């Protein structure tokens, strides 16, 4: 037999099977077990019969590479993760907007959520009240810009508390929440172009003047209505008690003023008043036995002094709420 006959099966010239593909092998398609293996959810569908929803073509006929599978799992996690907001606009008057981290400016309404990296903006003659998840409240005056730099609050993890904001323009009035009253005392920080402020449970007004406050000198003003704050800059710091007003100017240490030069403001009736004294008084009355509660109209007996005990009662009341 001629072994060189190309048609002969024994010929060395006879065609052989093609070599295996040296490219990327086709990844097996996702199956029902793959999707359940992610641990994200369980698909409760009838078993497949042949090539169908979970047949040889995979999950609904989808095949994917390992990287694509990881991306699908990540997207599933994101879809199942709730969106948390740091604060909510509860009341407003006039034109209010929120600038997102990407620069997009959206009109705001009651119920609008404000989160980390968002900037609240109030227009001319506009006011907005923001309630934070830790119980704090903020009222912005007209022509103001407040940016939430960072915010972390978990009722079960006080050591992780954090609230940092920047007053870019205008001013505010605020009653602080649990952040700064528990855990790290430095967890609360407000910043302006000329000063920083820290608290441990208080109510105060802040106004940043940048050539837009009439006869008032430029700088940051703090008027403490209740509690105390600590403010300053690189040139020095100062503790400011209830009833005191301080001015912090660029490259100058804080200075106590003899009186309030008029940095406060009166929001319209649609914006509820913030009153820390009222909150502490209610906490004190709730903690007293019925027979020891003061008579109505006697605030001196019912309002606790500005002490650690008063702050503790305030914190316990807010935790119950």
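The numbers here are math on the coordinates, done by the rules we state, and not lab data. Everything quoted here is computed from the prediction, not taken from an experiment. Glycine gets a Cβ as well: all are built from the backbone with ideal geometry, and neighbour counts include every protein chain shown.
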Could you list 102, 134, 184 so that the one with the fewest beta carbons within 10 Å of its beta carbon is first and the one with the most is last?
102, 184, 134
How would you rank 112, 202, 266, going from fewest to most other Cβ atoms within 10 Å of each one's own Cβ?
266, 112, 202
Reported to two decimal places, what Rg/Rh ratio describes the stretch 89-130 when computed on Cα atoms with Rh from the Kirkwood expression?
0.93
Ranking of 231, 88 by count of other Cβ atoms within 10 Å, fewest first
88, 231
Express in nm, to one decimal, how much length is gained between residue 273 and residue 106 on full extension, taking 0.36 nm for each residue of separation and deducting their alpha carbon distance.
57.5 nm
Cα-based shape type of the stretch 90-177, given that a ≥ b ≥ c are square roots of the gyration tensor eigenvalues and the cut on a/c is 1.5:
prolate
Honestly the stretch 140-238 on the Cα gyration tensor test (a ≥ b ≥ c root eigenvalues; a/c under 1.5 rounded, otherwise a/b vs b/c for prolate or oblate) is just prolate
Pull out a ≥ b ≥ c, the square roots of the eigenvalues of the alpha-carbon gyration tensor of the stretch 198-240, then state rounded if a/c is under 1.5, prolate if not and a/b is larger than b/c, and oblate in the remaining case.
oblate
Given a Förster distance of 25 Å, report the FRET efficiency between residue 95 and residue 250 from their Cβ-Cβ distance, rounded to the nearest 0.05.
0.25
